[in-house]
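Reading through the structure tokens given below for one structure.
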Amino acid sequence: MSALQAPRILPSHLHAFHPSSAHSRTVNTVRLLGTVTALRGETAIITCGNHGDVTLQLKADSHLQMGKLVEVVGKVVVLDGGQALGVRVLGSMDWGNPAECGTYEWSHRFSRPDIFQPIHCRETPPTYFQNTDYRMYEYVVDVTHRYKKIFYDSND
Amino acid sequence: MDSGYKGYSTTSFGAQGMSSGGGFMPGESNSPAGARSEAVATVRPVTIKQVLDATQAYAGASHQIDGADVDKIFVVGQVRNISVQSTNITFKIEDGTGEVEVKQFIDLNDNMDIDASNPTAVPLGKSQVKLNGYAKFFGRVVTTGNRRNVFSNFARPVTTVNEVHHHFLEATVIHLYFTRGPPQKPDRNPSGAEAGTEARAPGGMGVTDDYGVAAQGRPLPPMSPGARKVYNLLKNEPQSNEGLHVQYIAAKLGVPVTEVVKAGDELVTGGLIFSTVDESTWAILEY
């Protein structure tokens, strides 16, 4: 059961889901959302909004692409030779261009000015919409750990 | 729902469940039985963990999540396996909170264009749900033996990550609604709320609002749905200053005495009600 749970987290929560951590015995698989900012063969780095970077240990068939927003499911591990924690990737999901994520609906609606004509912006969606998606993820992470009961099993 | 309880208590309890005798254990009378036929059609966004944790009073009863009956549900998850059988397609989906099998029965009238050589293309062609992609499923929770499944009527792929996140936030809001009551409205005029309560009160049980404001219009602290029901009954039921007895409350609400005692303890601890003539008679604490 617990093996199938992978709570959504931000880089600052990695330590809590490392196997050595006391309260993580039930779950040490996590989900992370970030933009791919470096690809180095067997490892990659994703940037999680303004919450910092996470180093990923890739598996052979994880085809990450630079600049794409990805959701990664993986195990929290200690990186080679360091104190730092990273994630060994078990699976990844490409959500496309991060800038488009918040504007998907908008771009669709913009093609129909007859039904949707915002007064404050005619050509391009406002920037706050382009950034909304990661804020939403932050809220999801927040409620995941605030109301654990409906998200994952925990000892506390 | 209330009429469901009433119908149940008059037919099965006979003497309104007030008689202490009889071979009927109060613990066996579960409200879902009464509620089932009256179950309101609702659609509730849930996490897979909530589906797996859903409780069932007995085999065949409606499932409950956070103490509330669930009818239809929405789940959003990543499809980890698709297996096509002659009568149904089984999706194994996972959303980070758990894993569950979703069965979608094939409507034979709807699938005239079945391509036997490529069965996976057939029903999926309609919904476009892909392996390892996210999808939103609409269906109901089904328990067969000790297996918990979702029987889905409808599925569609989720194409933006925002929708996934939205689903979890929505599920959380509904979870909090049922465990802590609706969000408080700070701008609500206390006297107006009081007037509203007065207006509803004469109807008694039949129009009892499950989620209300405390006496004198104060917002209620967070409490379990059971405690809320008991509180609302105590608030609205005509009574002497001795309050109401546990047995009476249990009969009125159509729930087991043990549940009422539990709810009462919670309310006593919270300082919302107090015991009057004996330990099992309570009245609202007007503070």
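The values are calculated or read from the model by the stated rules, or taken from the named source; none is laboratory data. Predicted model only: the values in this text are computed from it and were never measured. A quick note on method: Cβ atoms are made from the backbone with ideal geometry, for glycine too, and the neighbour counts reach across all protein chains shown. SASA here: full protein model, heavy atoms, side chains in, ligands and nucleic acids out. Shrake-Rupley method; radii C 1.70, N 1.55, O 1.52, S 1.80 Å.
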Exercise. Quick check, is residue B:139 under 19 Å from residue B:72 (Cα atoms), more than 9 Å from chain A (Cβ to nearest Cβ), among the small types (Gly, Ala, Ser) and crowded, with 17+ Cβ neighbours inside 10 Å?
Worked result: yes
For this session: Report, by residue number, each residue of the range B:254-265 that is open to solvent by 70 Å² or more (accessible area, probe 1.4 Å) and either within 11 Å of residue B:233 (Cβ to Cβ) or touching a residue at least 24 places away in the same chain (Cβ under 8 Å) (or both).
Result: B:258, B:259, B:262
Problem set entry | Lone qualifier among A:82, A:86 - being at pLDDT 70 or above, away from chain B (no Cβ under 14 Å) and exposed (fewer than 12 other Cβ atoms within 10 Å of the Cβ) | A:82
Exercise. Listed residues A:70, A:76, A:27, A:36; which is surrounded by 15 or more Cβ atoms within 10 Å (Cβ to Cβ), in contact with a His (Cβ under 7 Å, 6 or more places away or on another chain) and of a type outside the set (Ser, Thr, Tyr)?
Worked result: A:76
Exercise. Out of all the residues in the range A:112-156, which are open to solvent by 40 Å² or more (accessible area, probe 1.4 Å), of a type in the set (Val, Ile, Thr) and modelled with pLDDT of 85 or more?
Worked result: none
Problem set entry | Residue check, residue B:251 open to solvent by less than 60 Å² (accessible area, probe 1.4 Å) and either modelled with pLDDT under 80 or small (Gly, Ala, Ser) (or both) | yes
